[in-house]
Each structure stands twice: as C-alpha cells, then as structure tokens.
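Read through the structure below, which is laid out as structure tokens, and then see the notes.
The values are calculated or read from the model by the stated rules, or taken from the named source; none is laboratory data. The structure displayed is predicted, hence computed values, not measured ones. Using ideal geometry, Cβ is built from the backbone for each residue, glycine included, and neighbour counts are taken over all protein chains shown.
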Amino acid sequence: MIDLKYIRNYPELLKAAVINKNEKADIDQILELDEIKRKRQFEFDNLRSEQKRISSEIPELKKAGADTTAIMAEMKSTAAAIKDMTIELSKITSDLENLLLTVPNLPAAGVPLGGEENNQQIRAWGEPKKFDFRPLDQVELAEINQLFDLKRAAKMSGSGFITYTGKGAALERALINFFLDFHTGRHGYEELSAPFIVNRQTMTGTGQLPKLENDMYHIDQDDMFLIPTSEVSVTNFYAGEILPYSLLPRKFVSYSPCFRREAGSYGKDNKGLQRVHQFNKVEMVRFVQPETSFDVLEEMVHDAEDILQALGLHYRVVILATGDLSFASAKTIDLEVWAPGSDKYLEVSSVSNFLDFQARRANIRFRDADGKVKHLHTLNGSGLATPRSFIALIETWQNEDGSITIPEVLRPYLGNREIL
RNA sequence: GGAGAGUUGCCGGAGUGGUCGAACGGGGCGGUCUCGAAAACCGUUGUACGCCUCGCGUACCCAGGGUUCGAAUCCCUGACUCUCCGCCA
C-alpha cells in the first residue's frame with residue numbers, strides 16, 4: 001500500500017505508475033474521498049469532544065442535586081447524530097481503504113519503462129551447452145527415464161498437474177532438499193515451514209488480493225486460499241508487529257507447494273512441466289532496514305544464482321521493465337535458465353524488492369536505532385522453483401543414450417549415484 | 001464435535017458503568033550518587049489520525065455490533081489461547 005500522504009503530495013507520480021504498470025487505480029477519486037474523509041473526521045472529532053465534555057459533567061450536576069433531564073434529552077440527540085456520523089465515516093473509511101488497496105507500488109528509479117520487450121539483460125553465466133547429438137527435450141527424457149506422468153496426473157486432477165514417478169520423484173525431492181540446505185548452510189537463512197492455506201487478510205497483506213482473486217484456489221466453506229507462493233505466509237509471519245531494532249535483518253527460506261489457477265494462460269508455454277497449477281518452490285524472504293533493501297536485492301539474486309551455478313546450468317539475469325513488474329514490486333530481477341532440449345530460456349526465479357509496500361499492507365514495522373517506529377522493507381525471491389529447474393537440469397545433463405548425469409552437488413541426495 | 005476458563009500497555013497484573021490511555025510491580029530509557037559499577041532515589045516510557053501543529057482534539061483495553069447522556073467495565077456475535085471429554089493423521 002502506498003502512504004496516503006504520499007499520494008496527496010505526489011499524485012502525478014502515482015498516476016504515471018498506474019499507467020506504466022497497466023493498472024486501473026483511480027488516483028483522483030482517492031484524493032477526493034480523502035478530502036471528504038478528513039472533513040467529516042474533523043467534524044466528528046469536535047462533536048465527540050463536546051459529548052465527552054458534557055457527559056463528564058453530568059455526575060457532578062447530579063451530585064449537586066440539579067435536574068439533568070433536559071441536558072440528558074439534549075445529549076440523546078447528540079448521541080444520535082454521532083451515531084449517524086460514525087456510520088457515514090466508517091463507510092467512507094472502508095471505501096477509501098478499498099481504493100488504496102488497488103494502487104500499485106511505484107517502480108523504482110532505474111527500472112526500464114515499457115513492456116516485456118524492454119526487459120534488460122544485465123549479465124549471464126556460462127554458455128548454452130553444445131551437444132554432439134540432438135538433445136532431447138523434457139518430455140522425451142521423461143519418457144525414457146520414467147520421470148513423470150502427466151496423463152495419469154490429469155486423470156486425477158485435470159491438465160496442468162504433475163505426478164513425478166520413480167527417479168523423477170527422487171530427483172525433485174533431492175532438488176528441494178538441496179535448495180534448502182544450500183540457503184540455510186551457505187547463505188545463513190533460517191528455515192520456516194508455514195501453512196499452505198491462509199486467510200483473506202494474509203492474501204491482502206502481500207498484495208495478491210484484491211487484484212488476483214481469480215488466479216487463486218479458494219476454499220469457499222472457510223473463505224481460505226491456497227497459497228500461490230510461500231512469500232504469502234512467510235511475509236505475513238510478522239504481520240501487525242513492531243519488531244525491535246535488534247531483530248533486523250531477518251532472512252527466511254521456506255519450502256511450499258504453490259497453487260495457481262493460471263486463469264487465462266491456457267495454451268501458453270504449457271508443454272510438460274513448464275506451466276502447471278501446482279508446483280514446489282523454495283522461497284527466500286527478507287525483512288530489512290529500508291536503507292539496505294536495494295543492496296539486499298542484489299544479494300538475493302546472487303543467492304539464487306549460486307544454486308544454478310552449483311548445478312552447472314547456464315542462465316541469464318534480466319531486469320524487468322515497468323509493464324512486466326508485479327503489482328506490489330518496485331524492482332524485480334529474473335533469472336532465466338537455459339533448457340537446451342526445449343531450446344529456450346525458462347524463468348526460474350524472480351527476486352523482488354517491495355520497499356515498504358507490503359509492510360504497510362501487512363502493518364509490519366520496526367523500531368529504528370533512535371527508537372522511532374517505521375515500516376520495514378520486504379523482499380522475496382525464488383531459490384528455486386522445481387519444475388523449471390528440473391527441466392533445465394535433465395536437459396542440460398542428458399547423455400547420448402538418454403540417461404541423465406547427476407550434478408555432483410546432488411549426488412549425496414541420490415544415493416551418491418553418478419547416473420540417475 | 002461437546003463443556004468450561006481466558007484475551008488489558010514492552011512483560012506481569014488491577015480495574016464490573018463516569019474525570020481510565022488505564023492503578024501497582026517488573027523491564028527499558030534519562031538523571032542524582034560513584035573513579036566506575038551495583039544498590040538506592042527522582043523522572044520518563046504505546047500506536048495512529050486530524051487540526052487554528054512550542055499545543056490541542058479524536059480513536060484504539062482481541063474483532064464487529066448493541067444498550068446508555070456516558071462503556072475497558074453490561075449484552076450479542078465472531079476470532080484466538082488454555083483445560084477437560086470425544087474423534088483422529
């Protein structure tokens with residue numbers, strides 16, 4: 001959420017952000033309602049002040065033996081007026097609140113303008129692997145090695161669901177454990193295992209709601225949501241709290257399945273494991289002091305890169321243009337891993353700095369060195385998601401006979417075998 | 001699922017209708033004392049919004065409604081925590 005005072009002071013910046021991010025928030029309407037609200041609030045405060053003053057005099061009058069019937073009758077109508085104002089004010093407040101929830105975060109300075117075509121590659125690691133045979137793609141390799149079974153998964157749940165089988169299931173589990181161990185052991189993250197089902201407020205805190213309601217699986221009976229990423233549960237871990245200065249910065253890593261309806265994206269890059277309704281992901285989440293967040297963003301990108309390097313996978317690093325940024329993000333850097341059999345780059349990690357946008361929504365604050373209460377900054381990034389890292393891995397490490405060599409770092413997780 | 005108890009400030013814990021944003025104790029911070037520290041003593045210590053911004057007002061005692069001139073205090077609904085019973089991975 002953007003600070004209302006900031007919107008008041010810089011409405012033009014917000015209007016530009018709404019356009020650059022292809023959002024629909026009505027800034028003028030917010031300013032108008034804000035004005036009305038403050039006026040009404042002022043009137044309310046004054047009336048309430050008078051009510052309190054007179055009411056507090058009543059016991060003294062009674063003690064003095066005075067007749068309070070007239071004054072009580074008059075106060076009755078004051079009370080009625082206050083009640084009307086309360087109702088009006090709470091309507092205005094919730095309308096304003098709902099409008100504020102539709103205002104996207106401002107893109108950070110230096111983020112390129114425009115749509116996806118303006119995303120900028122900032123570096124790459126390694127080279128696309130050369131083969132002296134025709135490399136097979138994920139689906140062909142899965143067939144040979146019996147790694148996953150999409151037909152049977154579809155039978156149970158529909159298209160877009162995965163059943164990993166045998167060695168595939170083992171490999172996927174190895175990846176998850178490797179990711180977690182790597183971040184806790186080498187990068188100093190604390191592991192968190194949080195709920196996969198959360199309430200509406202939690203979904204609003206990180207910015208998925210109200211915009212993306214249609215993209216999430218919802219449990220009607222309880223008004224709960226299946227998380228689309230553990231960013232949601234982990235970021236809300238501190239919702240509503242004021243953290244002591246000594247607790248910052250916090251760095252968490254968390255495994256979770258991710259559930260996405262992918263409404264409207266049918267038929268788009270959905271071959272094999274590329275785009276599915278349920279997948280596993282290891283997520284990094286940070287709670288940091290505001291002045292450090294952009295440095296932390298770079299650090300997190302490197303944390304994710306380290307994983308790809310350890311697995312020997314070529315990738316490129318891309319900074320997203322404004323039109324490709326998510327609603328809540330101020331700056332996002334993607335990692336795209338090379339999948340030689342599919343002959344394309346796959347987005348495998350997305351690292352974002354939200355500044356204080358999520359912290360305002362979820363009301364997460366901290367006490368700075370001087371004891372002043374401020375909103376902190378939140379960031380998160382995949383480190384990594386399995387289906388796409390799985391694809392890149394098997395396609396990169398395939399052999400001419402269709403077998404798959406296990407990268408050295410994963411062998412301890414797979415019985416120290418060399419070949420899957 | 002059934003029965004009961006509870007939810008107050010950084011923490012413990014008073015407060016069952018009026019001047020209570022809230023006693024008291026602990027902790028934190030500042031000061032006195034000291035070479036320094038401890039102890040003792042004194043002071044201070046929530047968040048947010050608004051306005052005619054050295055100041056004043058309003059809101060917040062789990063959340064939302066209700067009763068009342070007036071609610072932390074009474075009533076209703078809900079959430080959560082704890083205990084017991086039942087069920088269960």
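Some observations on this one:
- The range A:328-341 residues that are in contact (Cβ under 8 Å) with a residue 60 or more places away in the chain, paired with ones that are among the aliphatic types (A, V, I, L, M) and part of a strand (DSSP E or B) (beta carbon under 6 Å, 6 or more apart): A:ILE333/A:ILE319; A:ILE333/A:VAL351; A:ASP334/A:VAL318; A:ALA339/A:LEU346
- Those residues of the range A:183-193 which are of a type outside the set (Ser, Thr, Tyr) and buried (at least 20 other Cβ atoms within 10 Å of the Cβ), in sequence order: A:HIS183
- Of residues in the range A:405-420 being in contact with a strand residue (DSSP E or B) (Cβ under 9 Å, 6 or more places away or on another chain) and modelled with pLDDT of 95 or more, the one surrounded by the fewest Cβ atoms within 10 Å (Cβ to Cβ): A:GLU418
- Which listed residue is part of a helix (DSSP H, G or I) and not hydroxyl-bearing (Ser, Thr, Tyr), from A:VAL253, A:VAL301: A:VAL301
- Annotation note: of A:ASN118, A:ASN98, A:ASN105, the sole residue that is touching a residue at least 40 places away in the same chain (Cβ under 8 Å) and within 16 Å of RNA strand B (Cβ to nearest atom) is A:ASN98.
- Scan of the range A:187-205 for residues that are in a helix (DSSP H, G or I) and of a type outside the set (D, E, K, R), ordered by number: A:GLN201, A:THR202, A:MET203, A:THR204, A:GLY205
- Unique match (being out of contact with any strand residue (DSSP E or B) (no Cβ under 9 Å at 6 or more places or on another chain), assigned to a helix (DSSP H, G or I) and within 6 Å of RNA strand B (Cβ to nearest atom)) among A:LYS52, A:LYS91: A:LYS52
- Residue check, A:ARG388 without any contact (Cβ under 8 Å) to a residue 24 or more places away in the chain and under 30 Å from A:LEU171 (Cα atoms): no
- Filter result for A:ILE36 (among the aliphatic types (A, V, I, L, M) and either within 9 Å of RNA strand B (Cβ to nearest atom) or within 26 Å of A:ARG361 (Cα to Cα) (or both)): yes
- Residues that are in a loop (DSSP other than H, G, I, E, B), crowded, with 17+ Cβ neighbours inside 10 Å, over 15 Å from the mean Cα position of the chain (by Cα) and in the same structural domain as A:PHE259 (by TED's automatic domain parsing) do not occur anywhere in the range A:228-235.
- In the range A:236-250, residue surrounded by the most Cβ atoms within 10 Å (Cβ to Cβ) [restricted to those that are part of a loop (DSSP other than H, G, I, E, B) and out of contact with any strand residue (DSSP E or B) (no Cβ under 7 Å at 6 or more places or on another chain)]: A:ALA239
- Within the range A:40-59, residues that are assigned by TED's automatic domain parsing to the domain that holds A:LEU96 sit with their Cβ atoms under 6 Å from residues that are more than 6 Å from RNA strand B (Cβ to nearest atom), at 6+ positions apart or across chains, in these pairs: A:ARG40/A:LEU89; A:PHE44/A:MET85; A:PHE44/A:LEU89; A:LEU47/A:ILE82; A:GLN51/A:THR78; A:ILE58/A:THR68.
- For the range A:18-30, filtered to residues that are assigned to a helix (DSSP H, G or I) and surrounded by 16 or more Cβ atoms within 10 Å (Cβ to Cβ), the residue that is farthest from RNA strand B (Cβ to nearest atom) is A:ASN20.
- Residue match in the range A:357-367 (condition: at pLDDT below 95, at positive phi, assigned by TED's automatic domain parsing to the domain that holds A:ARG316 and surrounded by fewer than 22 Cβ atoms within 10 Å (Cβ to Cβ)): yes
- Within the range A:310-320, tally of residues that are hydrophobic (A, V, I, L, M, F, W, C) and either under 15 Å from A:ASN118 (Cα atoms) or part of a strand (DSSP E or B) (or both): 4
- Neighbours by Cβ (under 6 Å, 6+ apart or cross-chain): first from the range A:127-143, in contact (Cβ under 8 Å) with a residue 24 or more places away in the chain; second assigned to a loop (DSSP other than H, G, I, E, B) and surrounded by fewer than 16 Cβ atoms within 10 Å (Cβ to Cβ): A:PHE133/A:GLU400
- Listed by first and then second residue, the pairs with beta-carbon distance under 7 Å, at least 6 apart or on different chains, first residue in the range A:201-227 and under 19 Å from A:HIS277 (Cβ atoms) and in the same structural domain as A:LEU325 (by TED's automatic domain parsing), second crowded, with 20+ Cβ neighbours inside 10 Å and basic (Lys, Arg), are A:ASP215/A:ARG260.
- Verdict on A:THR184 being part of a helix (DSSP H, G or I), among the hydroxyl-bearing types (Ser, Thr, Tyr) and either in the same structural domain as A:GLY383 (by TED's automatic domain parsing) or under 26 Å from the mean Cα position of the chain (by Cα) (or both): yes
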